[in-house]
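Engineer: Have a look at this one.
Just so it is clear, none of the values below were taken in a lab; they were calculated from the coordinates. Computed from a prediction, not measured in an experiment: that's the story for all the values here. So basically every Cβ, Gly included, is an ideal-geometry build from the backbone, and we count neighbours across all protein chains shown.
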Amino acid sequence: MSEPVRVPALATVEDCRLIELPTVPDPRGKLSIVESARQVPFEIKRFYYLYEVSAGATRGGHAHLRLHQFLIGISGSFDVRVSDGASERQVMLNRPHIGLYIPPMIWRDMSNFSSGSVCAVLASDFYDEDDYLREYDAFVAARRGAGTA
Ligand code: TYD
């Protein structure tokens, strides 16, 4: 069996937090703002989004070794379940001015996407498949290897 991956610090689900974004109301509509390392606790290097999610589909199903992410329910709604291997939490994202910060080494999956929903994701780094832990057991082993969980 291979050695578990070692990581410097371990977040828990308590470190996953909802962040309300500054919003500029206007009779013409609203405008919400996210700036790198200001409203979110990391430098933003990447933006991607999930849309046209198939009915009943689950996305995510992995953790990241080093990546910080911020998820926003830009349109519609979906549930995000986060787990640190010991505890889990679930939040519904359904407001365009509220996002969920997810630190590294937290398992997440997204489900119950409403029709037409859009999940925006801001990330602290470029895409790197080597940063993924896609097997739950490997994720738990990696946390144990880092000394907690
Ligand atoms: P994945 O991160 O597993 O999607 P989700 O967690 O939202 O279900 O990525 C799905 C596929 O897309 C996978 O083959 C990798 C690819 N991908 C990129 O090429 N670049 C990216 O920035 C992301 C997020 C994914």
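Engineer: State to the nearest 20 debye the size of the charge dipole of the range 53-123 about its Cα centre, where the only charges are +1 on K and R beta carbons and -1 on D and E beta carbons.
Structural biologist: Around 100 debye, computed over the range 53-123.
Engineer: Count the net charge of all other residues whose Cβ sits under 12 Å from the Cβ of Asp137, scoring Lys and Arg as +1 and Asp and Glu as -1. Walk me through the numbers on the way to the answer.
Structural biologist: Numbers: positive: Arg134, Arg143, Arg144; negative: Glu135.
Spelling it out: positives minus negatives among the neighbours equals +2.
Engineer: In Å and whole numbers, how far do the C-alpha atoms of the range 20-149 stretch along each principal axis, longest first?
Structural biologist: Result, largest extent first: 53, 34, 25 Å.
Engineer: From the phi of every residue in the range 66-78, what ³J(HN,Hα) in whole Hz does the Karplus formula 6.51 cos²θ - 1.76 cosθ + 1.60 yield, where θ is phi - 60° and glycine or proline is x?
Structural biologist: These are the phi-based 3J(HN,Hα) values: 10, 6, 9, 9, 9, 9, 10, x, 4, 8, x, 8, 7 Hz.
Engineer: If r is the Cβ-Cβ distance from Glu14 to Ala146 and R0 is 22 Å, what FRET efficiency results, to the nearest 0.05?
Structural biologist: After rounding, the FRET efficiency stands at 0.85.
Engineer: Right, here's the next one. What angle do you read, to the nearest 10 degrees and between 0 and 90, between the alpha-carbon axis of helix 136-145 and the longest principal axis of the chain?
Structural biologist: The answer is roughly 60 degrees.
Engineer: Moving on to the next point. Most exposed first by the Cβ proxy, i.e. fewest other Cβ within 10 Å, how do Ile74, Ile106 rank?
Structural biologist: Listing Ile74, Ile106 from fewest to most nearby Cβ atoms yields Ile74, Ile106.
Engineer: Now for a separate question. So for Ser77, Ser124, fewest C-beta neighbours within 10 Å to most, what's the order? Don't jump to the answer; show the numbers that get you there.
Structural biologist: Working: Ser77 14, Ser124 21.
Ascending number of Cβ neighbours within 10 Å: Ser77, Ser124.
Engineer: Residue by residue through the range 82-94, what is 3J(HN,Hα) from phi via Karplus (6.51 cos²θ - 1.76 cosθ + 1.60, θ = phi - 60°)? Round to whole Hz and write x for glycine and proline.
Structural biologist: Once rounded to whole Hz, the list reads 10, 9, 10, x, 10, 10, 9, 9, 10, 10, 9, 9, 8.
Engineer: Hey, can you grab everything whose amide H is under 5 Å from the amide H of Phe42? Only 5+ residues off in sequence or another chain; H modelled, so Pro and N-termini drop out.
Structural biologist: Amide H to amide H, under 5 Å and 5 or more residues apart or across chains, Phe42 pairs with Ala37.
Engineer: Let me ask something additional. Among Ile106, Val80, Leu10, flag the residue with its Cα farthest along the positive direction of the charge dipole of the chain, charges on Cβ as +1 for Lys/Arg and -1 for Asp/Glu.
Structural biologist: Comparing the listed Cα positions along the dipole, Val80 ranks first.
Engineer: In debye, nearest 20, what is the charge dipole magnitude of the chain about its Cα centre with +1 on Lys and Arg Cβ and -1 on Asp and Glu Cβ, if you could check?
Structural biologist: 340
Engineer: Could I ask something else about it? Answer with one residue from Pro41, Gly56, Asn94: the one whose Cα lies farthest towards the positive end of the charge dipole of the range 1-130, charges on Cβ with Lys, Arg +1 and Asp, Glu -1.
Structural biologist: Asn94
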